[in-house]
Amino acid sequence: MKTALITGVSGQDGSYLAEQLLERGYRVLGGSRNVDLTAETIPTELRGKLELVFWDMRDLSGMKEHLSRLRPSEIYNFAAHSTGSGMYDDPLDMSDINGIAVTRILEAIRTVDPKIRFCQASSREIFGEALESPQTEVTPPNPRSPYGAAKLYADCMIRIYRLRHGLHAGSAILFNHESPRRSRQFVTRKITHEAARIKLGLSHELHLGNLDTQRDWGFAGDYVRAMWLMLQQDKADDYLIATGQAHTVREFCEVAFARLDLDYRDHVREDAASYRPSEPAPLVGSSTKARRDLGWEPKVSFRELVHMMVDADLHDLRLSTN
């Protein structure tokens, strides 16, 4: 039986990966700095199936101790300050948790057991104001936020440890990936949740920024499957994970509201205070390398993803209001 340690297991990505690994017969360890809170917040489907362990991203000696005792064969790192509106908050702590802490994990692996395989959840934010489109693994990074800069630092350290110390370590450069478990601070979940509220008569309007902003949106479950595939390869490498298709926020609204037999134009208002110009180069990724080397491709389409999120929000709201 393989043993996998997932940091940030209570989040969207961590929970989907935990489900997939349990289905594959793994022993799954969920690393958390607050085990009691994580036990209460993980999806119901995972409760009682994970081994939750204390994990402090700032404590190198603690990491070494846990790796020596738990002996995971694979580590997936999702523990990080989130993107979205918080990308510019607390840049010092952002740099530590999203960047330097990854070096701590790499150093713990190097000193305890170099055979442990490691996958880092990187981000398309390393490209920031992208210099080309579509973006690939060799697109020049150009981060525009402390979040993107910290993720880029982590990516660089992973390459160094892979080349210098021979670790099986790689970065998954993840483009936008969503699900019903996405936090409502993200625009996708904000749209589906408010659309469901409007359908139920609990709200009337949704205020958003630039509706013409484009994003490459995929399903989180598909993206964590790519990360698992990365660690099954004989040779470690970095991979960009994306659908290769860009959609506007307007399209997302149109599909979400239509799922509820509503016209988004009757309810969505562009808020000048939140308006942000579109990026000079569309943020869309090419996953050619992942498709070729890993045999990966997304299974859930854009429309299926939006419908999945709307249906889940409508179901939960009906339960909570009855």
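Which of the lysines could be linked to LYS64 by a straight reach, that is with a Cα gap under 16 Å, when you skip same-chain ones fewer than 8 residues away?
Partners within reach: LYS115.
If I histogram all Cα-Cα distances within the range 85-124 using bins 10 Å wide from 0, what percent of pairs lands in each bin?
25, 45, 23, 7
Round to the nearest 0.05 the FRET efficiency obtained for ASP59 and GLU304 when R0 = 35 Å and r is the Cβ-Cβ distance.
Values: r = 41 Å, r/R0 = 1.18.
Once rounded, the FRET efficiency stands at 0.25.
In Å, what is the Rg of the alpha-carbon atoms in the range 226-318, and how long is Dmax?
In Å, with Rg to one decimal and Dmax whole: 17.5, 53.
Apply the Debye scattering formula to the range 28-68, with a single equal point scatterer on each alpha-carbon and no solvent, then give log10 I(q)/I(0) at q = 0.14, 0.34 Å⁻¹.
-0.33, -1.18
Run the paramagnetic zone check for TYR88: 7 angstrom along Cα to Cβ, then residues of the range 106-145 with backbone nitrogen under 19 Å.
What the label zone holds, given the 19 Å backbone N cut-off, is 125-130, 142-145.
Gain in length, ALA258 to SER183, computed as 0.36 nm per residue apart minus the alpha-carbon separation, to one decimal in nm?
On the way: separation 75, 0.36 × 75 = 27.00 nm, distance 2.21 nm.
Fully extending the segment from ALA258 to SER183 adds 24.8 nm.
Once you place label points 7 Å from the Cα toward the Cβ at ARG144 and ASN34, how far apart are they in nm?
3.2 nm
Once the Cβ-Cβ distance between THR288 and HIS204 is put in as r, and R0 is 45 Å, what FRET efficiency do you end up with, to the nearest 0.05?
Here the calculated transfer efficiency is 0.55.
Can you compute the modelled spin-label distance between SER73 and MET1, with each label point 7 Å from Cα toward Cβ, in nm?
Computed distance between label sites SER73 and MET1 equals 1.2 nm.
Test of understanding: express the Cα radius of gyration of the range 107-148 as a ratio to 2.2 N^0.38 Å, with N the residue count.
Cα Rg divided by the expected 2.2 N^0.38 Å: 1.60.
For the range 1-154, report the % of Cα-Cα distances exceeding 19 Å.
55 percent
So, counting K/R as plus one and D/E as minus one, what does the shell of residues with Cβ under 14 Å around LEU206 add up to?
Local charge sum for LEU206: 0.
Anything over 25 Å Cα to Cα? Flag those among LYS235/LYS289; LYS49/LYS151; LYS49/LYS235; LYS49/LYS190, in the order listed.
Those over the limit are LYS49/LYS151; LYS49/LYS235; LYS49/LYS190.
So what does log10 I(q)/I(0) come out to for the range 57-142 at q = 0.12, 0.18, 0.26 Å⁻¹, using the Debye formula with one equal point on every Cα and no solvent?
For the requested q values the scattering log ratios are -0.46, -0.87, -1.23.
Which trypsin sites (Lys or Arg not before Pro) in the range 218-322 pass both tests, a DSSP loop state and at most 13 other beta-carbon atoms within 10 Å? List each step's numbers first, then the result.
Values: sites: ARG225, LYS235, ARG250, ARG259, ARG265, ARG269, LYS289, ARG291, ARG292, LYS299, ARG303, ARG318; in loops: LYS235, LYS299.
Filter output for the range 218-322: LYS235, LYS299.
Can you give me the Rg/Rh ratio for the chain, using Cα atoms for both radii and the Kirkwood formula for Rh?
That ratio is 0.97, to two decimals.
Count neighbours as other Cβ atoms within 10 Å of each site's Cβ, and list the trypsin sites (Lys or Arg not before Pro) in the range 155-202 that are DSSP loop with at most 16 such neighbours.
In loop regions of the range 155-202 (DSSP not H, G, I, E or B), the sparsely surrounded trypsin sites (Lys or Arg not before Pro) are ARG184.
Add +1 for every Lys or Arg and -1 for every Asp or Glu among the other residues with Cβ under 14 Å from the Cβ of CYS156, and state the total.
Once positives and negatives cancel, what remains is +1.
So which trypsin sites (Lys or Arg not before Pro) in the range 1-86 pass both tests, a DSSP loop state and at most 13 other Cβ atoms within 10 Å of the Cβ? The partial results should precede the final answer.
Working: sites: LYS2, ARG24, ARG27, ARG33, ARG47, LYS49, ARG58, LYS64, ARG69; in loops: LYS2, ARG24, ARG33, ARG47, LYS49, ARG58.
Those that pass, being in a loop and sparsely packed, are ARG24, ARG47, LYS49, ARG58.
Taking the Cβ-Cβ separation of ASP266 and GLN245 as r and a Förster radius of 22 Å, what is the calculated FRET efficiency to the nearest 0.05?
Working: r = 27 Å, r/R0 = 1.22.
E(calc), rounded to 0.05, equals 0.25.
How much of the pair distance distribution for the range 86-244 lies past 29 Å, counting alpha-carbon pairs only, in percent?
Numbers: 3238 of 12561 pairs.
Counting pairs separated by more than 29 Å, the tail of P(r) holds 26 percent.
Throughout, read-outs are computed from the coordinates displayed, never taken from laboratory work. All values derive from a computational prediction rather than experimental measurement. Glycine also receives a Cβ, built like all others from the backbone with ideal geometry; neighbour counts cover every protein chain displayed.
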